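Enquirer: Following this message is one structure expressed as structure tokens.
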Amino acid sequence: MKELVKSLEVKMGKTIVVLKENLGTMRAGRANAKMLDKIEVEYYGSMCPISQVANISSPEPRLLVITPWEKQTLKDIEKAILKSDLGINPSNDGTIIRLLVPELTEETRKDLVKKVKKYGEDAKVALRSIRRDGNDKIKNMKKDGEITEDDVKKGEEDVQKLTDKFTKEIDTIISAKEKEIMTL
């Protein structure tokens with residue numbers, strides 16, 4: 001039973017990691033190299049993240065500078081950024097690409113907060129799915145005669161406590177991100 005609860009805790013922990021990664025890639029008024037993590041560029045016939053074909057730096061709070069390792073990838077990187085949902089127009093000077101992250105308007109902030117809440121809700125759905133799988137495994141263990149009725153109750157309580165703990169953590173992460181977006 002303890003192994004089952006431990007494995008559920010690991011899965012729920014991974015859900016939190018994915019949530020943090022998703023929130024990290026959001027454009028929130030400040031230049032952040034993670035904003036480019038989901039954008040892929042065609043490089044010698046395969047798709048690669050920008051960070052694998054170029055150096056990304058942030059010399060100023062609202063500026064990202066992308067320096068490709070090979071000059072011929074400059075146009076491909078620029079096209080990939082334009083195709084993405086980033087909403088930033090790249091400035092290409094022939095050797096580097098500059099991305100000026102615009103100030104957030106009130107409307108943009110509200111849209112970002114909606115996106116943040118959606119990521120939070122998706123993470124909670126994933127937690128509930130993990131909880132359901134755990135409870136199903138507990139019931140199957142009872143059906144197979146591996147555990148008693150009391151063990152089932154205890155196991156389901158443990159799974160619920162774990163779910164509540166991670167749900168609280170998601171709420172904390174989401175409210176912190178909302179606050180960050182609204183106060184930039």
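Enquirer: Is there a quick way to get the dipole size of the chain? I mean about its Cα centre, with the Cβ of Lys and Arg at +1 and of Asp and Glu at -1; what is the value in debye to the nearest 20?
Expert: It comes to approximately 240 debye.
Enquirer: With each run of n ≥ 4 DSSP H residues scored as -39500 (n - 2.57), what mean residue ellipticity at 222 nm is computed for the chain after dividing by its residue count and rounding to the nearest 500 deg cm²/dmol?
Expert: About -20500 deg cm²/dmol.
Enquirer: Keeping all protein chains in place and using 1.4 angstrom, which order do ILE56, ILE170 fall into by accessible surface area, from largest down?
Expert: Working: ILE56 35, ILE170 0 Å².
Output order, biggest surface exposure first: ILE56, ILE170.
Enquirer: What lysines could a cross-link reach from LYS179, if we take a straight Cα to Cα line under 23 Å and drop same-chain neighbours fewer than 8 places away?
Expert: Here the lysines satisfying the reach criterion relative to LYS179 are LYS20, LYS34, LYS110, LYS114, LYS115, LYS117, LYS118, LYS124, LYS165, LYS168.
Enquirer: Select from GLY155, GLY145, GLY24 the residue whose mean-square fluctuation is largest in a Gaussian network model of the chain (Cα-Cα springs shorter than 10 Å).
Expert: Ranking GLY155, GLY145, GLY24 by mean-square fluctuation puts GLY145 first.
Enquirer: How large is the convex hull of the C-alpha atoms of region 1-85 per residue, in Å³?
Expert: Per-residue hull volume (Cα only) is 129 Å³.
Enquirer: Going by amide H atoms built from the backbone, whose H comes under 5 Å of the H on VAL101, apart from near neighbours?
Expert: Here LEU63, LEU64 satisfy the definition.
Enquirer: I've got another one for you. Show LYS115, LYS83 ordered by accessible area, largest first, where the area counts protein heavy atoms only and the probe is 1.4 Å.
Expert: These residues rank, largest area first, as LYS83, LYS115.
Enquirer: For ASP136 paired with ILE96, estimate the spin-label separation in nm (one decimal), with each label point 7 Å from Cα along the Cα-to-Cβ line.
Expert: Going from the ASP136 label point to the ILE96 one covers 5.2 nm.
Enquirer: Projecting each Cα onto the charge dipole of region 1-134 (Lys/Arg +1, Asp/Glu -1 at the beta carbon, about the Cα centre), which of SER129, LEU64, ASN92 comes out farthest on the positive side?
Expert: Looking along the dipole axis, the top candidate is SER129.
Enquirer: Starting from the residue with the highest accessible area, list MET26, MET1, MET182 in decreasing order, probe 1.4 Å.
Expert: MET182, MET1, MET26
Enquirer: Let me ask you something else. Which Rg and Dmax, in Å, describe the Cα atoms of region 48-116?
Expert: Final numbers for Rg and Dmax: 13.3, 39 Å.
Enquirer: State to the nearest 20 debye the size of the charge dipole of region 38-77 about its Cα centre, where the only charges are +1 on K and R beta carbons and -1 on D and E beta carbons.
Expert: On the way: 4 positive and 5 negative charges, 21 e Å.
Computed about the Cα centre, the dipole is about 100 debye.
Enquirer: Turning to a different aspect of this structure: Please tell me the relative contact order of the chain in percent, rounded to the nearest whole number, where contacts are Cα pairs under 8 Å and at least six residues apart.
Expert: About 24 percent, as a whole number.
Enquirer: Something else: Give the accessible area for THR95 in Å² (nearest 10); use a 1.4 Å probe, count only protein heavy atoms, and leave out ligands, DNA and RNA.
Expert: For THR95, solvent-accessible area is about 70 Å².
Enquirer: How much accessible surface does GLU107 have with a 1.4 Å probe, in Å² rounded to 10?
Expert: Near enough 130 Å² of accessible area.
Enquirer: How big is Rg to Rh over the chain, alpha-carbon atoms, Rh as the Kirkwood inverse-mean-distance radius? Mind dumping the intermediate values first?
Expert: Details: Rg = 21.8 Å, Rh = 19.1 Å.
Dividing the radius of gyration by the Kirkwood radius yields 1.14.
Enquirer: Relative contact order of region 1-92: what whole-number percent is it, with Cα pairs under 8 angstrom and at least 6 residues apart?
Expert: Computed over region 1-92, the figure is 19 percent.
The values are calculated or read from the model by the stated rules, or taken from the named source; none is laboratory data. Every value quoted in this text rests on a predicted model; they were computed, and no experiment measured them. Heads up, the Cβs are rebuilt from the backbone with ideal geometry, glycines too, and the neighbour counts pull from every protein chain shown. Note: areas computed on protein heavy atoms with side chains; ligands, DNA, RNA excluded. Shrake-Rupley method; radii C 1.70, N 1.55, O 1.52, S 1.80 Å.
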